[in-house]
Amino acid sequence: MSTTSYRDAVGKALQDSMRDERRLIVMGQNLTGHAQKQLAERYGTERVRDLPISESAMVGMAVGAAMKGMKVVVMIAYADIASVCHMAIVQSAAKLHYLSNGRLNCPVVIRLPIARFRGHGPEGNEVGVSWFYNVPDLNIAMPGSPSEAYWNFREALQRPTPTLFFEDRSIHTRSGELAGGNPSGKAQITRFGDRLTIIGAGRAAALAEDAADALQNQGYRDAVQVVSLGFIKPLDKETLLKAASKTARVLIVQDEPPWGGYAPVVRCLLDDLPNGSLTAGPRILAGVDQYLPFWDERPFLPSLQDLIDAAEEMMVG
């Protein structure tokens, strides 16, 4: 295993994929002169393509390239701009494999950075997972660690259907080891405990790890188990049910409001557990149902202290 940052893990995933996948191309704005300059110098402008600002057109071009046997990474500036290319994602990319009866694949990764805590306000840091969660044949990745960022990206390019890759910039500097092998989209147990399971993805998964470490230092020895989802669609049902059964208490954390995102889906999935498996109903700790302001997003999103307090309340209750 090697240690790297979350940001560098995503970059390495793209570089290694370009090396290994000769039919992979990258599309976006200002790539050859800035964002992916080294990649363009190595592989040329046929594979690293600067395009006008038209997100719908980029996704449409990616689908057309996929129909010709290419693999494509589409670089979108911010995650909430996915609303601009919603129709291209849902009506073209997601449906291609099904409409062709499996004869055509769509190995397209749409990279969607979440610009947390950078003063972008309501136009740059919305997550938008809920806009796409009920679309069949659409994978959604939200890695919470460098290893997940690397392997989720590599895994996405092997799938016959497209993937939305939500990359949270607020954890770009978070470092960790890269696993030696591809977990193939499985959720990861990143902290081990037997009194409470905390489930999250992206920033929320990183926050859960920090909360588990803090509680460990406060005397809750080997109490908190953390499940980092990685792929939030499809969910790794087997790992989630096993983890919940072990502790019998479940706390699900996310940045989106409580009735959207992955948290309600995870809670519904836990209904498949036999009666009596949980000592209490699963609890959701989520963001507030409002746009995030320019001045400070933190009061409206789950914090480390919020998570610690909720975990303690569930363990002593």
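If you go through segment 25-54 and keep only what is of a type in the set (Gly, Ala, Ser) and surrounded by 18 or more Cβ atoms within 10 Å (Cβ to Cβ), you end up with GLY28, ALA40. Checking each residue in segment 106-131 for being outside any strand (DSSP E or B) and crowded, with 19+ Cβ neighbours inside 10 Å picks out CYS106, PRO107, ALA115, ARG116, GLY124, ASN125, GLU126, VAL127, GLY128, VAL129. Selection of segment 72-105 for residues being open to solvent by less than 40 Å² (accessible area, probe 1.4 Å) and either without any contact (Cβ under 8 Å) to a residue 12 or more places away in the chain or more than 18 Å from VAL135 (Cβ to Cβ) (or both) yields VAL72, VAL73, MET75, SER100. Of all residues in segment 12-36, those satisfying the criterion of being modelled with pLDDT under 95 and part of a helix (DSSP H, G or I) are LEU31, THR32, GLY33, HIS34, ALA35.
Only residues that are touching a Pro at 6+ places or on another chain (Cβ under 9 Å), open to solvent by 70 Å² or more (accessible area, probe 1.4 Å) and in a loop (DSSP other than H, G, I, E, B) were counted in segment 260-287, giving 0. Among the residues of segment 282-315, just one is without any contact (Cβ under 8 Å) to a residue 12 or more places away in the chain and under 16 Å from VAL250 (Cβ atoms), namely GLU313.
Residues of segment 150-176 that are assigned to a loop (DSSP other than H, G, I, E, B), of a type outside the set (D, E, K, R) and surrounded by fewer than 24 Cβ atoms within 10 Å (Cβ to Cβ): LEU157, GLN158, PRO160, THR161, HIS172, THR173.
Which one is nearest to ALA82 (Cα to Cα), of the residues in segment 177-206 that are open to solvent by 20 Å² or more (accessible area, probe 1.4 Å) and at pLDDT below 95? Result: SER184.
Table: residues versus (1) touching a helix residue (DSSP H, G or I) at 6+ places or on another chain (Cβ under 7 Å); (2) among the hydroxyl-bearing types (Ser, Thr, Tyr); (3) modelled with pLDDT of 95 or more; (4) more than 30 Å from PHE117 (Cβ to Cβ).
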| residue | (1), (2), (3), (4) |
| --- | --- |
| GLN38 | no, no, no, no |
| MET58 | no, no, yes, no |
| ALA65 | no, no, yes, yes |
| ASP80 | no, no, no, no |
| SER92 | yes, yes, yes, yes |
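The values are calculated or read from the model by the stated rules, or taken from the named source; none is laboratory data. Since this is a predicted model, take the numbers as computed values, not measurements. All Cβ positions, glycine included, derive from the backbone under ideal geometry; neighbour counts span all protein chains shown. SASA here: full protein model, heavy atoms, side chains in, ligands and nucleic acids out. Shrake-Rupley method; radii C 1.70, N 1.55, O 1.52, S 1.80 Å.
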